[in-house]
Every structure is written in C-alpha cells, then in structure tokens.
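A short write-up of the structure that comes next.
The values are calculated or read from the model by the stated rules, or taken from the named source; none is laboratory data. Owing to the predicted nature of the structure, the values given are computational and were not obtained by experimental measurement. Surface accessibility is based on the protein's heavy atoms, side chains included, excluding ligands, DNA and RNA. Shrake-Rupley method; radii C 1.70, N 1.55, O 1.52, S 1.80 Å.
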Amino acid sequence: MRHNKNIVLLLVVLLATAWFMTGRAEAQQAQQPAPAQKAQKPGEPSKIKFTELSHDFGKVEQNASLKYSFVFKNEGKGTLIIENVKAS
C-alpha cells in the first residue's frame, strides 16, 4: 500500500512539473519580437547624455534597500548599445 502512495505522489509531481514547463514555454512564445531597427549608416556615432552623473543618498541606515534611476538619452544618430553595466 505504501509503495502505491509513493508512485501516486511521483506521478503528481511529474504532472505538475510538465504542466509548469508547458506554461513557461507558451509564455515565451507569446512574447512579441523586438521591432526592426532602421539600418545605421556607417560613421554615425551614438552619444549618451545623462541628466545627472551622480546621486548622493545621504546618510543611510545599514542594510537599507536603496533604489535610484539615472535618466539618459541617445543624442547621436547611431544605435546606442549599453553593455557590461556595473555599480560602483
């Protein structure tokens, strides 16, 4: 009897996993592809412009969770690609 319960439990876990994975696959397929970008002419550079270059949080308690967003825009004609972002 105990062996049957283990088999039933295993089947329930396998079915739940399959159902979860199917839902994830459908969600990934539902995402829209990125719109096509205009072709960039050779020699057209990008130029990033920030509204501010630094931010001071002031005095902060230890282990406090802080968040700040820097606003920027591309003032050049080329495509702006941002890679390898790291906090300091």
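Numbers at a glance
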read-out: Karplus (6.51, -1.76, 1.60) ³J(HN,Hα), θ = phi - 60°, over region 68-79, in Hz, Gly and Pro reported as x; value: 8, 10, 8, 9, 8, 8, 8, 9, x, 9, x, 6
read-out: Estimated vicinal HN-Hα couplings, Hz - region 52-62 in sequence order (Karplus 6.51, -1.76, 1.60; Gly, Pro = x); value: 8, 9, 8, 9, 10, 7, x, 6, 10, 5, 4
read-out: Sequence-distant residues sharing a close amide H with Ser46 (under 5 Å, placed H); value: Gly78
read-out: Residue order for Leu80, Leu11 - accessible surface, 1.4 angstrom probe, largest first; value: Leu11, Leu80
read-out: Rounded accessible area of Ile81 (nearest 10 Å², 1.4 Å probe); value: 120 Å²
read-out: Ranked order, Ser54, Ser65, Ser46 - accessible area, probe 1.4 Å, largest first; value: Ser65, Ser54, Ser46
